[in-house]
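**Q** After the structure tokens below, expect a handful of questions from me.
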């Protein structure tokens, strides 16, 4: 059965809006970037978080002793309307004890190709690259 996701966006002033998720969480969005992140910045952050959740969960399932995960995102937008993302780079910094690079690479691949709902959706318009750096923790 399909899951429904809901939310409400209410204009505050200028180009600022308050967003409220169906689960009750609130966030300020501002296309002028004065009172909050722009809507597309939040799309990018949400995509990075979605992929990071996959990777952390998959590595734990693979019995990896992961201690930290950070995803740095870089995106390029089209020059003309609609100014969709045309390129996105996900660079994961993953730290843990005795991490197996092959398993980390596999977790990233599974997120990119199977589980990463947001990045797979954005992959319809953007060329997406994933890479990573491992560290001991």
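The values are calculated or read from the model by the stated rules, or taken from the named source; none is laboratory data. Keep in mind that what you see is a predicted model, and the values were worked out from it rather than measured. In this analysis, Cβ positions are derived from the backbone assuming ideal geometry, glycine residues included, and neighbour counts consider all displayed protein chains.
**Q** Please enumerate the residues belonging to the stretch 67-98 that are without any contact (Cβ under 8 Å) to a residue 40 or more places away in the chain and either outside the structural domain of residue 125 (by TED's automatic domain parsing) or more than 27 Å from residue 39 (Cα to Cα) (or both).
**A** 98
**Q** Out of all the residues in the stretch 88-99, which are over 19 Å from residue 50 (Cα atoms) and surrounded by 15 or more Cβ atoms within 10 Å (Cβ to Cβ)?
**A** Within the stretch 88-99, the subset over 19 Å from residue 50 (Cα atoms) is 96-99.
Scanning the stretch 88-99 gives 96, 99.
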